[in-house]
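Some notes on the structure that comes next.
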Amino acid sequence: MTRFNTNQWLALVLALVAAAYLAMAWQIPNFPLPRPVDSDLFPKVLGVSLLLLSACLFFERPGPIAGADQIDQAETQGPLLLTPWARVIVTAIAIAAYAFLLVPLGFVLASTLLCVGLTAYYGYRRHGVNLATSLGVVLALYLTMTRVMDVYLPTGVLPF
Amino acid sequence: MDAFNNLMYGFGIALEPINIAYVFAGVFAGTIIGMLPGLGPISALALMIPITFAMEPSSGLILMAGVYYGAIFGGSTSSILLNAPGVAGTVATSFDGYPMAKQGLAGKALAIAAYSSFVGGTISVVFLMLIAPLLSKVAVSFGPAEYFALMVLGLTAVVSLSDKSLVKGLIAAVIGVMISIIGIDMQTGTERFTFGSIHLLDGVDFLVVALGIFALAEVFYMLLRGGGGKEAPRNAIGSLKLTRSEVKQIAGPVSRSSVLGFFTGVLPGAGATIGSFLGYSMEKRIAKDGDTFGKGNIKGVAAPEAANNAACTGSFVPLLTLGVPGSGTTAVLLGALLVMGVNPGPMMLEQRPDVFWGVVASMYIGNIFLLVLNLPLIPLIAKILDLPKPLLLSLILIFCMIGVYGMSFSVFDLLLLLGFGLVGLGMRLFGFPAAPLILALILGNIMEESMRRALQISGGDWTTFIDKPISLSLLVIAVLSLGLPLLKKRRTKRLNTAE
Amino acid sequence: MTMLPLKRFAVLALPMAALAMTTSASAQEWTPSRSIEFVAPANPGGGWDTLVRTMSRVIQQEELADESFAAINVPGGGGAVAWAQVARDNGNPHKLFATSPPMILVPLAGASRYDHTDFTPIARINTDYSIILVAADSEYQNLDDLFTALKENPSLSVGGGSAPGSMDHISVAGLASAAGMEASSVNYIPFSGGGDAMTNLMGGHIEAVIGGAGEAVGQLGEGSQLRALGVSSEERLGGGLADVPTYQEQGYDYTFDIWRGVMGAPEMPEEAVEYYEALFAEMLETDAWREASDQLGWIDAYQDSDAFATFLDEQQEQFSSVLTDLGLMRQ
């Protein structure tokens with residue numbers, strides 16, 4: 001059995017997505033009033049196109065992958081939490097946490113925490129500068145939005 | 001001569017000290033607003049209505065117009081420096097602007113953006129002054145069938161935007177259209193692909209996708225490549241000066257794109273985004289060094305910037321001569337004018353020449369202010385790249401989040417932003433181009449809606465698209481622009497084999 | 001739905017109940033203890049947003065309340081996102097939101113789990129009306145001409161600014177019923193907003209447009225490319241629309257209100273409702289409101305909480321019957 005190349009793996013994943021998409025497209029209800037083109041036609045065409053394109057991709061010879069060779073190999077040896085992929089995952093989790101904590105903590109606190117935390121995590125050691133810049137930028141943005149532009153942002157636990 | 005007299009009259013109004021102050025305040029505020037994603041010109045103008053409430057109408061419009069084109073002018077900054085386009089019109093600017101910044105040419109990219117914006121803005125004001133009343137006929141001649149054809153033409157740019165693998169580019173485009181039709185289908189009120197979530201009823205906002213796929217994905221990518229503190233900060237901003245040959249290089253693209261941008265701007269609903277994408281892909285196709293587009297070609301910055309500023313001026317044509325808004329931003333401007341007691345429309349030139357000519361004249365002044373204001377600011381703003389990289393990365397993240405949250409106030413959209421960031425990272429790692437996805441996202445929904453609207457009007461008769469001359473010619477151009485590069489490729493191949 | 005800030009025209013309705021309200025003081029006076037969250041269920045710039053911001057500004061300017069009204073935008077789903085959020089705030093007397101016909105229509109279309117009965121009606125504030133427009137060079141001089149043509153050739157297209165089954169469609173379908181047509185036979189073309197529909201009318205791409213009178217008034221008058229055939233109010237409007245006959249004048253027994261009002265969180269305490277009723281009634285009497293309202297072309301149409309509740313139920317009945325005629329009613 002020959003092993004699949006990258007394009008073939010991608011093609012299989014995309015074909016699955018296309019199939020799921022088509023399954024959903026067929027469940028779009030018809031509009032009670034007659035329409036020349038109803039809501040379901042376009043999705044069906046899109047699903048079929050994606051299916052056909054993934055077939056094309058399956059037979060396309062993969063070019064050199066642009067991104068993968070750029071990963072800093074030296075750093076993959078370091079402590080687990082500081083490897084390149086760990087940095088991406090931790091950042092993603094931090095963003096998700098930020099999204100959920102934004103309203104309860106308030107904009108200023110949540111944003112400053114995220115900014116200071118990630119900066120320190122990425123390896124910046126001058127914590128004073130870090131805190132000052134983060135807080136400064138966040139406060140400036142917050143005051144511009146709420147005071148000047150009259151846009152409401154969650155205040156959270158802070159009194160303003 | 002008539003136009004000249006009118007313009008002098010307009011300058012008489014625009015040069016009143018109070019109005020000069022308003023132009024300055026408007027473009028200054030606009031520049032700042034444009035730089036902050038999420039604070040688009042629409043919400044900025046909506047929030048200004050109470051301020052302009054009691055103002056003289058010409059002053060009010062001068063101020064608000066200044067904010068509008070100032071925001072488009074300033075919008076390129078975050079595209080170039082951070083790969084974070086805050087307005088749809090400046091997405092195309094990031095394709096070459098951001099690579100230039102990475103190569104240490106941030107100063108030059110910003111300067112080119114400023115000069116091109118200035119020229120685009122100024123050329124289009126000349127058009128606005130000379131042929132606005134005539135153009136109102138062009139604007140209304142575009143019905144659903146014509147829009148469909150225009151969107152098809154716009155989508156042909158996908159081919160030139162997907163460089164390495166056409167298949168991957170097309171896949172990205174199909175996915176872009178798929179995202180664009182999420183939400184309530186305007187033609188029937190049916191929900192599509194919302195997974196039962198009320199947060200998806202209005203679809204996915206452009207800004208969420210663009211910031212995710214461009215800016216957030218870039219941050220993730222830099223983290224993968226080693227975002228640690230040991231890497232030296234990129235402090236090269238480079239010179240702002242353009243060489244004579246560079247000026248020569250961008251002169252053609254800037255003037256072509258200014259005209260193109262102005263005319264797309266005149267069409268209600270088309271606007272800056274299509275103008276900038278069409279300008280970019282047109283230049284990429286006709287340039288001899290087309291294959292360096294996307295890698296930091298100065299023409300790739302000049303063309304979209306000239307186009308989007310010209311389109312912004314163009315969008316004043318339907319607003320002022322017909323009284324119909326061509327975009328969300330001009331809709332708010334229309335509302336503001338009505339509140340001030342001015343009826344934009346066919347009679348406006350006669351009833352309120354002060355407003356019309358005052359604003360036109362103020363745009364000349366405003367564009368000069370913008371140039372004078374922006375050029376000295378460039379080295380200051382570009383200093384943001386001097387920040388230590390860890391700090392810069394977290395600040396970009398915060399910047400994206402406030403951009404998204406300030407627009408929709410929705411935690412769901414923040415999670416969506418994260419999702420698109422990860423999708424964007426995957427696309428980069430596996431060689432899928434992001435530009436076709438964004439273009440298809442912007443155009444896909446309008447294309448479907450106008451196609452179905454046209455068919456609903458014609459009673460299901462598909463010949464409506466080729467019966468109408470404008471629609472037919474646009475479709476022919478679309479076919480040609482797809483076919484010609486292929487022919488060209490085949491011919492060069494044949495030439496090569498002949499050798 | 002696009003509802004632009006409106007153009008001025010003369011004011012008709014009088015807030016009758018307002019006078020009665022201000023005198024009645026309840027046993028336990030309730031006053032807000034913190035700032036009031038006043039939600040516009042849409043982005044900045046639309047009709048709901050303008051209402052919320054104008055009311056907040058007038059109340060602050062005239063110092064009518066001790067606590068401030070904070071305008072908050074919660075866009076999404078034609079209002080559904082905001083409604084879901086407010087519905088969770090059971091009994092909160094500090095949460096209000098702006099409302100209009102989509103409050104009835106969106107739930108009827110099945111796009112919101114919450115309908116108007118889930119919230120506390122506070123007051124109806126003002127109203128706009130529907131208007132039928134044709135191109136200035138069109139052969140249709142009145143509603144009769146238009147409907148005769150539509151009956152002969154139902155494929156003639158009538159554009160509007162919102163999706164099928166929403167405000168503009170209901171308004172024109174109801175009128176068609178009154179004209180003796182089958183409601184569902186109108187070839188209604190949804191555009192992305194009233195302005196978009198009017199542009200297409202000027203370009204001759206469609207036959208007629210149904211839109212908001214306030215939005216259309218700027219397009220009418222001398223040199224206009226459009227002509228108004230009828231307006232959905234009970235009596236003629238003033239200002240730029242004084243020449244436009246009502247549907248009823250032309251023998252079509254049909255009216256349609258694009259009302260705007262304020263509702264609050266579910267099960268809001270009685271005293272709080274009374275406080276707000278009195279506050280809004282007082283606000284309608286101020287000069288600042290008068291001035292803003294004139295400039296925006298708003299016509300006051302105050303109703304207190306009870307009257308508003310009854311009115312909303314009637315609206316729901318009326319809309320359901322039109323939707324049933326159209327075959328668009330969710331089972």
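The values are calculated or read from the model by the stated rules, or taken from the named source; none is laboratory data. Model, not experiment: these values are computed from the prediction. Note that each Cβ is placed from the backbone with ideal geometry, even for glycine, and that neighbours are counted across all protein chains shown. The accessibility values were calculated without ligands, DNA or RNA, using every heavy atom of the protein model including side chains. Shrake-Rupley method; radii C 1.70, N 1.55, O 1.52, S 1.80 Å.
Look through B:I112, B:I131 and report the one residue that is out of contact with any Pro (no Cβ under 8 Å at 6 or more places or on another chain), closer than 30 Å to B:V247 by Cβ and at pLDDT 90 or above. Answer to the check: B:I112.
Restricted to the stretch B:374-398, and to residues that are open to solvent by 30 Å² or more (accessible area, probe 1.4 Å) and hydrophobic (A, V, I, L, M, F, W, C), which residue is farthest from B:F127 (Cα to Cα)? Only one residue tops the list, namely B:L387. Checking B:A101, B:A25, B:A113 one by one, the residue that is within 13 Å of another protein chain (Cβ to nearest Cβ) and either at positive phi or assigned to a helix (DSSP H, G or I) (or both) is B:A25 and no other. Summed over the stretch B:76-91, the residues that are under 20 Å from B:G271 (Cβ atoms) and outside any helix (DSSP H, G or I) give a count of 3.
Candidates C:G165, C:G221, C:G211, C:G160: the one that is at positive phi and either polar (S, T, N, Q) or surrounded by 24 or more Cβ atoms within 10 Å (Cβ to Cβ) (or both) is C:G165. Select, from B:V138, B:V152, B:V126, the only residue that is at pLDDT 90 or above, surrounded by fewer than 22 Cβ atoms within 10 Å (Cβ to Cβ) and over 19 Å from the mean Cα position of the chain (by Cα). On inspection, the qualifying residue turns out to be B:V126. Of everything in the stretch B:193-217 that's assigned to a loop (DSSP other than H, G, I, E, B) and either aliphatic (A, V, I, L, M) or crowded, with 23+ Cβ neighbours inside 10 Å (or both), which residue is farthest from the other protein chains (Cβ to nearest Cβ)? For the stretch B:193-217, the residue satisfying everything is B:V204. The set of residues from the stretch A:103-123 being crowded, with 22+ Cβ neighbours inside 10 Å and either facing chain B (nearest Cβ under 10 Å) or under 20 Å from the mean Cα position of the chain (by Cα) (or both) comprises A:F107, A:A110, A:S111, A:L114, A:C115, A:L118, A:T119, A:Y122.
Within the stretch C:236-248, being in contact with an Asp or Glu (Cβ under 9 Å, 6 or more places away or on another chain) and surrounded by fewer than 24 Cβ atoms within 10 Å (Cβ to Cβ) holds for C:R236, C:T246, C:Q248. In the set (1) of a type outside the set (S, T, Y); (2) surrounded by fewer than 20 Cβ atoms within 10 Å (Cβ to Cβ); (3) modelled with pLDDT under 85, B:F409 fails one condition alone, (2).
Output the residue which, of all residues in the stretch C:63-90 that are crowded, with 23+ Cβ neighbours inside 10 Å and either touching a residue at least 40 places away in the same chain (Cβ under 8 Å) or on the phi > 0 side of the Ramachandran plot (or both), is farthest from the other protein chains (Cβ to nearest Cβ). Here the answer is C:V86. Within the stretch A:116-160, being on the phi > 0 side of the Ramachandran plot and not in a loop (DSSP other than H, G, I, E, B) holds for no residue. The number of residues in the stretch C:109-126 that are surrounded by fewer than 20 Cβ atoms within 10 Å (Cβ to Cβ) and in contact with a strand residue (DSSP E or B) (Cβ under 6 Å, 6 or more places away or on another chain) comes to 0. Among the residues of the stretch B:434-483 satisfying the criterion of being assigned to a helix (DSSP H, G or I) and acidic (D, E), which is farthest from the other protein chains (Cβ to nearest Cβ)? Filtering first and then ranking leaves B:D467. Among the residues of the stretch B:180-192, write down those that are open to solvent by less than 20 Å² (accessible area, probe 1.4 Å) and either assigned to a loop (DSSP other than H, G, I, E, B) or more than 7 Å from every other protein chain (Cβ to nearest Cβ) (or both). Result: B:S180, B:I181, B:G183, B:D185, B:Q187, B:T188, B:T190. For B:G326, the conditions (1) open to solvent by less than 10 Å² (accessible area, probe 1.4 Å); (2) in contact (Cβ under 8 Å) with a residue 40 or more places away in the chain all hold with the exception of (1). For the residues C:S192, C:S138, the requirement of being farther than 15 Å from C:G230 by Cβ, outside the structural domain of C:I299 (by TED's automatic domain parsing) and open to solvent by 10 Å² or more (accessible area, probe 1.4 Å) singles out C:S192. Taken over the stretch A:85-100, the criterion of being open to solvent by less than 30 Å² (accessible area, probe 1.4 Å) and more than 7 Å from chain B (Cβ to nearest Cβ) is satisfied by A:A86, A:A94. Scanning the stretch A:19-33 for residues that are within 22 Å of the chain's Cα centre (by Cα) and within 9 Å of chain B (Cβ to nearest Cβ) turns up just one, A:Y21. Per the listing B:A287, B:A307, B:A251, B:A336, the residue uniquely over 27 Å from C:Q295 (Cα atoms), crowded, with 24+ Cβ neighbours inside 10 Å and not aromatic (F, W, Y) is B:A307. Selection within the stretch C:141-157: residues that are within 14 Å of chain B (Cβ to nearest Cβ) and either part of a loop (DSSP other than H, G, I, E, B) or acidic (D, E) (or both). The member of this set that is surrounded by the fewest Cβ atoms within 10 Å (Cβ to Cβ) is C:N153.
Checking each residue in the stretch B:403-431 for being outside any helix (DSSP H, G or I) and at the interface with chain A (Cβ under 8 Å from one of its Cβ atoms) picks out B:F409, B:F430, B:G431.
All told, C:I104 falls short of being under 25 Å from C:P32 (Cα atoms) and either touching a residue at least 60 places away in the same chain (Cβ under 8 Å) or in contact with a strand residue (DSSP E or B) (Cβ under 9 Å, 6 or more places away or on another chain) (or both). Checking each residue in the stretch C:290-331 for being outside any helix (DSSP H, G or I) and within 14 Å of chain A (Cβ to nearest Cβ) picks out C:G327, C:L328, C:M329, C:R330, C:Q331. Screening B:G483 on (1) modelled with pLDDT of 90 or more; (2) under 26 Å from B:R285 (Cα atoms) shows it passes everything except condition (1). Can you confirm whether B:A173 is within 12 Å of chain C (Cβ to nearest Cβ) and open to solvent by less than 20 Å² (accessible area, probe 1.4 Å)? Here the answer is no, as B:A173 does not meet what is asked.
In this structure, is B:G431 open to solvent by 20 Å² or more (accessible area, probe 1.4 Å) and either in contact with a strand residue (DSSP E or B) (Cβ under 6 Å, 6 or more places away or on another chain) or modelled with pLDDT under 90 (or both)? Answer is yes for this residue.
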